[in-house]
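Enquirer: So that we are looking at the same thing, I have put the structure below in structure tokens.
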Amino acid sequence: MANIKKGDLVQVISGAKPERGGDRGKQGKVLEVLSEQNRVIVEGVNYVTKHNRVGQTQRGTKTGGIETFEAPIHISNVAVVDPSTKKPTRVGRRVEEQTKDGVKRTVRVRYAKKSGKDL
């Protein structure tokens, strides 16, 4: 099970400093988790430019040009942000009993290790 899920707020914890053109310290929401490659795509982080060849569609409109988009970043280079302190933290799991419609269930809940709050 991955500690980082789609929709989590994460912070980049390694890489070049912002004054050198890097993304360290930036926070963003996880758009996609690529679990096979151990990578995540974070909103507003690791922008790359791609040059596409100019072509024509069936209707005659032009395609191509320069587009920028977020590239994947390795999952070890980001940390989940604690919702109460807005700082990066480690994630733990605990088993809790929940009662729903009179039925008891055991569920695993993610929580921020330092504050103990649920994520």
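The values are calculated or read from the model by the stated rules, or taken from the named source; none is laboratory data. Since the structure is predicted, the reported quantities are computational estimates derived from the model, not experimental observations. When we count neighbours, we look across all protein chains shown, and the Cβ atoms used for this are built from the backbone with ideal geometry, even at glycine. Remember, those area values only see protein heavy atoms, side chains included, never the ligands or the DNA or RNA. Shrake-Rupley method; radii C 1.70, N 1.55, O 1.52, S 1.80 Å.
Enquirer: Mind listing whichever residues of the stretch 1-36 are touching a residue at least 60 places away in the same chain (Cβ under 8 Å) and outside any loop (DSSP other than H, G, I, E, B)?
Expert: Residues satisfying the conditions are LEU9, VAL10, GLN11, VAL12.
Enquirer: I need the full set of residues from the stretch 13-31 which are modelled with pLDDT of 95 or more and within 13 Å of HIS74 (Cα to Cα), in order please.
Expert: Across the stretch 13-31, the qualifying residue is only VAL30.
Enquirer: I'm told VAL54 meets every condition in (1) open to solvent by 90 Å² or more (accessible area, probe 1.4 Å); (2) touching a Lys or Arg at 6+ places or on another chain (Cβ under 8 Å); (3) part of a strand (DSSP E or B); (4) under 20 Å from VAL10 (Cβ atoms) except one. Can you identify the failing condition by its number?
Expert: (4)
Enquirer: Now for a different question. Could you say whether any residue in the stretch 59-71 is under 14 Å from ILE13 (Cβ atoms), in contact (Cβ under 8 Å) with a residue 12 or more places away in the chain and open to solvent by 60 Å² or more (accessible area, probe 1.4 Å)?
Expert: no
Enquirer: In the stretch 72-110, what count of residues is obtained for those that are surrounded by 10 or more Cβ atoms within 10 Å (Cβ to Cβ) and more than 30 Å from the chain's Cα centre (by Cα)?
Expert: 0
Enquirer: Suppose we filter the stretch 25-36 for residues that are within 18 Å of ASP8 (Cβ to Cβ) and open to solvent by 90 Å² or more (accessible area, probe 1.4 Å); how many remain?
Expert: 1
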